[in-house]
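The values are calculated or read from the model by the stated rules, or taken from the named source; none is laboratory data. The shown structure was predicted, so the numbers you read here are calculated from the model rather than taken from an experiment. Here Cβ is always computed from backbone atoms with ideal geometry, including for glycine, and neighbour counts include all displayed protein chains. Surface accessibility is based on the protein's heavy atoms, side chains included, excluding ligands, DNA and RNA. Shrake-Rupley method; radii C 1.70, N 1.55, O 1.52, S 1.80 Å.
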Amino acid sequence: MNVEKIQEGHVFLIDKPLDWTSFDVVNKIRWNIRKAYDLKKIKVGHAGTLDPKATGLLLVCTGKWTKRIDEFQAQEKTYTGTIKLGVTTPTYDLESEEDQTFPTAHLTEEIIQEATNQFIGEIDQFPPMHSAIKVDGKRLYELARDGQEIERKARRITIHDFKITKINLPFVDFEVNCSKGTYIRSLAYDFGKAVNSGGYLTALRRTKIGNFDVIDAENLAFERNYFEEENKLEEL
């Protein structure tokens, strides 16, 4: 890959590591490009944030292709993950400690499987209090850190498919295909309520964005010559 191609525009398929932010990945790509090509400035951005506790497919665009970020973000996404039933956390995931417990003795495979039907199609979903959405100029997670709980507006999203792939109580594995704007953490929390219990996300992996697949993605264990080898990453 040459410098002209990088500047003209390219999309990198990256398998985001656990505990990295999406911005960490962008910085890593930007740093490696600068190192490989001695570039002082290069536009780099990602299409669709993944939480630190999530792994999987992240699209990182360079050059003029950063103008296509909104296009990529609007595409359907597929995730796999695990919900722990019977407990909740303030962040709806592993970023915070378990704070409440709920009964699970009543749960059966039939109850769990049937509950997914409540989420198929267009639904109203409330974003987590610990999210980057701005209210009156402040991020929700900033307010949450200050101990504030405010009313959030529901967002209209679409769940195209929601399947339970394994049940090993209190853990339930799932696969979901959904629209832009879906919070899988909120889905886990709402699913816990739907089965008359509690629930939070203990694992999440994004496997697809539109026609892009994580099986074609690269990890971040690359050095200078990564960018000097042609065709190591899939392109559009």
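Things worth noting here:
- Residue satisfying all of: in the stretch 71-127; in contact with a strand residue (DSSP E or B) (Cβ under 8 Å, 6 or more places away or on another chain) and among the acidic types (Asp, Glu); nearest to Lys166 (Cα to Cα) among these: Glu109
A quick yes/no check of all residues on (1) in a strand (DSSP E or B); (2) not hydrophobic (A, V, I, L, M, F, W, C):
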site: Thr165; (1), (2): yes, yes
site: Asp173; (1), (2): yes, yes
site: Val176; (1), (2): yes, no
site: Tyr189; (1), (2): no, yes
site: Arg206; (1), (2): yes, yes
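- Top-ranked residue in the stretch 71-102 [being in contact with a Gly (Cβ under 7 Å, 6 or more places away or on another chain), open to solvent by 30 Å² or more (accessible area, probe 1.4 Å) and of a type outside the set (S, T, N, Q); ranked as nearest to Ala115 (Cα to Cα)]: Lys84
- Lys67 vs. criteria over 30 Å from Gly198 (Cα atoms) and either assigned by the TED database to the domain that holds Ala194 or in contact with a Lys or Arg (Cβ under 7 Å, 6 or more places away or on another chain) (or both): no
- Sole residue being assigned to a loop (DSSP other than H, G, I, E, B), aliphatic (A, V, I, L, M) and farther than 19 Å from Ile184 by Cβ, chosen from Ile69, Ile42: Ile42
- Just one residue in the set Lys193, Lys153, Lys138 is exposed (fewer than 15 other Cβ atoms within 10 Å of the Cβ), at pLDDT 95 or above and out of contact with any helix residue (DSSP H, G or I) (no Cβ under 8 Å at 6 or more places or on another chain); that residue is Lys193.
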